[in-house]
Structure formats: C-alpha cells, structure tokens
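Each remark here refers to the structure printed beneath this line.
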Amino acid sequence: MSELSAKIWPKSAKIENGSLEIGGCSAIDLVAKYGSPIFILDEADLRTRAIDWKVQLSAAFGANSGSVIYAGKAFLSVEIAKIIEELGLALDVCTGGELAVARAAKFPAERLEMHGNNKSELEISEALDYGVAKIVVDSVSEIERVARLAKERKKVQEILIRLTPGVEAHTHEYISTAHEDVKFGFSIASGAAWEAVTEIAKHETLRLMGVHAHIGSQIFNEEAFVETATRLIGFMGRFAKEYKRELRELNLGGGFGIAYTESDNPISAEKMLSSICKIVATESTNAGIAIPRVSIEPGRAIIGPSMVTLYTVGTTKEVELENGDTRLYVAVDGGMSDNIRTALYGADYITILANRGSNSGLRNCRVVGKHCESGDILIKEIALPSDISPGDLLAIPATGAYGRSMASNYNHVPRPGVISVSNGTARTIIRSETAADLLALDISEPARPIREQK
Ligand SMILES: *Cc1c(COP(=O)(O)O)cnc(C)c1O
C-alpha cells in the first residue's frame with residue numbers, strides 16, 4: 001500500500017504491516033473494541049493544529065493579534081472544549097446547546113463568543129448569565145433583545161456587529177457583490193450596517209467593540225479575506241469619523257480550507273495570515289485608524305484533518321453501467337447519517353482499505369452507506385483493490401469537521417462515537433449511541449386536555 005498523504009491524514013496515521021494505525025492504535029483493534037462506524041481523533045494532531053493557528057496569528061499580527069476562536073459548530077464535545085481551553089484558544093458557540101457544552105467543560109466565559117442569526121431570549125439570557133465576552137449581533141430585533149436582557153441584569157454587554165461585506169467565497173474564487181442574498185449579517189453596501197450601528201448607539205447596555213464577517217468555507221487562498229478586510233476596515237474608518245472613537249476588534253471569521261483529496265491545495269496558515277496582516281496595516285492607515293486587534297475563527301482547519309472515520313464493509317455489488325463498464329458498489333455500515341457532506345454538497349473524499357494490504361489490481365468503486373436513499377453516497381468514485389470484501393475495514397480521512405456534528409439518526413441508525421487516540425492509548429470522548437438511546441425519547445401515554453397540561 002502506498003504512503004499516506006501528509007496533507008490529508010492526521011500526523012500519526014501510518015500503515016503498519018499492511019493495516020492502518022492512528023495514534024499508535026491499529027484500526028483493527030479500535031473496531032474490535034469500539035465497533036464501527038467510529039470516529040477516531042488523533043489528539044496530538046488536533047493540539048498541534050490548534051497551537052499552530054495561535055502561533056501564526058501572533059507571528060503575523062504581534063501586539064495586534066486578537067484571539068484564535070475555535071468554531072465549535074465544526075465539532076464540539078466537553079473534552080474538545082477542555083482541550084481548546086487548555087491550549088489557550090477562545091471558543092465560539094452559536095446555540096444554547098453549544099453553550100451548554102462549553103459550560104459543562106467550565107470554559108472560561110471571558111474567552112467565549114456567541115454567534116447565531118436567531119438567538120432566542122433564553123439563549124441570550126444564558127449567554128449573559130454565564131458572562132460570555134462577546135455577543136455577535138445579527139439583526140435589529142436582536143440588538144433590541146440583547147439590550148433589554150442586559151438591562152434587566154444591569155449589565156453592559158460587549159458586542160460585535162456581523163457585517164455582510166459583499167464577498168462570497170468558495171475554494172478557489174470569490175464573488176464580489178454589492179448585495180448578498182443571505183440570512184446572515186448587515187449589508188455594508190445597502191446601508192443596513194450603518195443603520196444597525198445607529199440602533200446600537202441608542203442602547204447604553206450595549207458596547208460595540210468591533211466588526212465581524214464570515215464569508216464562506218473551504219477557502220484556499222487569501223484573496224477573499226484581503227477583500228473582506230479592506231471593506232470592513234473602510235467601515236471602521238467611517239465609524240471612527242462619525243462617533244469619535246475607534247472600534248478595536250476586527251474578526252474575520254473562519255472558512256480556512258483543508259485538503260480532502262490530493263487535488264485540494266490550501267495555502268498555509270502562515271501565508272494566509274501574513275497576507276491578511278499586510279492589507280490590515282495598509283487599509284488601517286488609509287482609513288485613518290489604529291491597526292485593530294485581529295481575530296479569526298477556524299473550525300474545519302483545526303478539527304477536520306485530525307479525525308478519520310472507520311467503517312466495516314457489509315456488502316459489495318457489481319453494477320453494469322450504460323457504457324458497458326462496471327462499477328463495484330461497496331456498502332459500509334454508516335453513510336449519510338454520519339457524513340452528510342457528500343450528499344449535501346457533493347464533497348469529495350478518499351478512502352483506503354484499513355485492515356490489510358492487497359496485491360490485487362485496483363477497480364472502479366463507489367462507497368455507499370446503508371440508508372434508504374440512492375443519494376446515500378460517501379465517495380462517488382474511487383479506485384480500490386478489486387478483492388475488497390465484506391468484513392474489510394475502510395478508513396475515510398479528514399472527517400473531523402461537520403461529520404459527527406451534522407450526524408443524524410436517519411433510519412434509526414445510532415450515531416457513531418468519537419475515540420481519542422494517542423501513543424497507543426484510546427479513550428472515549430463521545431460514546432456510540434445504542435438502540436436504547438434511540439428509544440429513550442419515545443413515550444406512550446394517554447391523551448389529556450391541553451389546557452390542563454402545563
Ligand atoms: C461556520 C463558521 C465558522 C467556521 O467555519 P470553518 O469553515 O469551519 O472554518 C466561523 N465563524 C462563523 C461565524 C461560522 O458560521
């Protein structure tokens with residue numbers, strides 16, 4: 001079997017005697033102990049990536065570096081929050097559920113930021129009571145809501161305003177638009193952002209600290225961030241002139257891309273941040289303001305490459321195609337319930353046979369799941385050893401972000417657990433669900449008049 005590509009696999013992944021090993025634990029032993037499908041986290045890899053973003057932000061911005069704020073939505077659990085805490089990063093949460101995880105991990109409130117385009121009164125109240133450092137406001141209704149709930153608590157809440165800069169970015173290119181038809185943020189071009197600032201200024205329980213934008217995901221180069229920084233700093237310059245005070249925080253969001261396959265080539269954190277740093281310096285001078293503190297919110301780029309999913313092959317089936325060729329459908333014991341990205345976005349992944357080497361020739365395969373949907377595809381097309389059979393293990397790398405966090409119980413399939421491995425040791429950080437977990441919410445009770453129920 002060929003070498004594992006360093007840009008796709010976690011750092012400790014290697015082939016030992018023909019089978020995959022991560023964190024010194026063999027895939028065979030892991031599946032024997034924990035079953036499959038199962039997510040395997042290379043904890044050292046996660047730590048290295050998280051620290052690297054912090055080091056690179058400091059290296060680029062020095063005294064003007066703000067925080068690396070891990071975007072919890074990519075993947076969050078109590079143990080992950082503890083690791084992020086221990087490494088000195090900040091954390092962003094965007095629902096009451098994510099906040100509950102942060103609280104369970106005793107994540108320091110002064111390093112928490114709350115996002116979301118429709119935070120409920122309860123979610124805002126919980127955030128205020130826990131004392132989250134910053135709430136990122138996203139609508140006029142929310143400005144009023146946060147102000148009122150802060151007032152009830154006799155608090156002044158620090159906030160950022162989420163702006164829509166008119167930069168929409170994906171992988172290789174970005175689209176520049178005056179008006180973006182999206183639910184997030186206040187448009188700079190339409191004047192909505194300026195109106196929001198005026199609204200915020202009416203509330204003495206709100207303290208506007210800076211601006212925020214998140215322009216997309218899986219972005220491979222600096223161009224879109226450079227354009228965004230330019231537009232945001234322009235806005236900060238206007239604010240400084242009108243309000244005679246400077247906003248000090250510039251949060252450029254996340255979206256830094258990772259390699260899922262050989263053809264993905266994201267630039268390094270170092271290159272990305274040094275380019276952003278240059279434009280921030282230039283544009284701040286142009287806008288006549290001091291260089292703001294720059295924060296970023298990587299999610300995928302921290303957790304994505306650190307995790308691998310292990311599956312067991314259940315069936316293989318040869319299907320004849322219209323052009324006369326054949327394709328081998330390789331069905332595994334999970335699918336769109338543990339990784340919706342292929343079905344949802346047409347995402348590409350690779351996989352390898354994880355339990356043995358093979359000298360057989362390669363053949364054209366499609367890796368599918370066990371769900372009752374034709375679209376339940378994990379990998380549309382990949383060459384795998386032609387002797388692949390039921391009982392073999394497959395490993396799909398780079399599944400740490402938006403895999404377990406987007407998992408569902410479709411078809412009443414239990415969601416896989418997450419096992420953290422390191423130096424030949426393994427520990428569960430999320431256990432796999434069981435049929436009992438699935439049934440735990442089902443209730444059989446007699447009907448009662450609704451008015452008597454509270
Ligand atoms: C999703 C999201 C992120 C993280 O995006 P990645 O692509 O995982 O880096 C950061 N900030 C906000 C506001 C987001 O919505």
Study note, to complete from the structure: All-but-one check, H203 against (1) surrounded by fewer than 20 Cβ atoms within 10 Å (Cβ to Cβ); (2) more than 26 Å from the chain's Cα centre (by Cα); (3) not in a loop (DSSP other than H, G, I, E, B), failing number (3)
Exercise for review: Read through the list (1) of a type in the set (A, V, I, L, M, F, W, C); (2) under 30 Å from R341 (Cβ atoms); (3) assigned to a helix (DSSP H, G or I); (4) away from the ligand (no atom under 16 Å from the Cβ), then give the number of the only condition that A229 fails.
Suggested key: (4)
Check your understanding: Out of region 241-258, which residues are among the aliphatic types (A, V, I, L, M) and either farther than 14 Å from E222 by Cα or not in a loop (DSSP other than H, G, I, E, B) (or both)?
Key -> L247, L250
Review point. Out of all the residues in region 352-379, which are over 19 Å from A27 (Cα atoms), out of contact with any Asp or Glu (no Cβ under 6 Å at 6 or more places or on another chain) and small (G, A, S)?
Key: G361, S374, G375
Practice item. Select from region 424-454 the residues that are of a type in the set (S, T, Y) and assigned to a loop (DSSP other than H, G, I, E, B) and write down the one among them that is nearest to E79 (Cα to Cα). Key: S432
Check your understanding: Taking into account only those residues within region 291-314 that are β-branched (V, I, T) and within 12 Å of the ligand (Cβ to nearest atom), which is nearest to I396 (Cα to Cα)?
Key -> I303
Point to revise | Any pair with Cβ under 8 angstrom, 6 or more apart, that starts in region 198-216 at a residue that is over 13 Å from I161 (Cβ atoms) and ends at one that is assigned to a loop (DSSP other than H, G, I, E, B) | key: E204/V156; T205/K155; T205/V156; I215/P165; I215/G253; I215/G255; G216/G255
Point to revise | Number of the exception - E452 against (1) at pLDDT below 95; (2) within 16 Å of the ligand (Cβ to nearest atom); (3) not basic (K, R) | key: (2)
Exercise for review: Kindly check whether there is at least one residue in region 235-250 that is touching a Lys or Arg at 6+ places or on another chain (Cβ under 9 Å), within 12 Å of the ligand (Cβ to nearest atom) and in contact (Cβ under 8 Å) with a residue 60 or more places away in the chain.
Suggested key: no
Point to revise | Options G96, G131, G72, G88: the member that is of a type outside the set (A, V, I, L, M) and touching a residue at least 60 places away in the same chain (Cβ under 8 Å) | key: G72
Review point. From the residues in region 336-347 that are farther than 22 Å from A27 by Cβ and not hydrophobic (A, V, I, L, M, F, W, C), which one is surrounded by the most Cβ atoms within 10 Å (Cβ to Cβ)?
Key: Y345
Practice item. Find the strands (runs of 3 or more DSSP E) located wholly in region 319-407 whose residues include 2 or more that are in contact (Cβ under 8 Å) with a residue 12 or more places away in the chain and among the β-branched types (V, I, T), and list them. Key: 326-332, 362-368, 377-385
**Study point:** Candidates A259, A269 - the one that is within 30 Å of E113 (Cα to Cα), within 21 Å of the chain's Cα centre (by Cα), within 16 Å of the ligand (Cβ to nearest atom) and surrounded by fewer than 22 Cβ atoms within 10 Å (Cβ to Cβ)
**Key:** A259
Review point. Which number in (1) touching a Phe, Trp or Tyr at 6+ places or on another chain (Cβ under 9 Å); (2) within 23 Å of L273 (Cβ to Cβ); (3) more than 16 Å from the ligand (Cβ to nearest atom) marks the one condition that G88 misses?
Key: (1)
Study note, to complete from the structure: Within region 13-41, residues being touching a helix residue (DSSP H, G or I) at 6+ places or on another chain (Cβ under 8 Å) and either surrounded by fewer than 16 Cβ atoms within 10 Å (Cβ to Cβ) or without any contact (Cβ under 8 Å) to a residue 24 or more places away in the chain (or both) number 1
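The values are calculated or read from the model by the stated rules, or taken from the named source; none is laboratory data. It should be emphasised that the depicted structure is a prediction, and the values quoted were computed from it without experimental measurement. Reconstructed Cβ throughout: ideal geometry from the backbone, glycine too, with neighbour counts over all protein chains shown.
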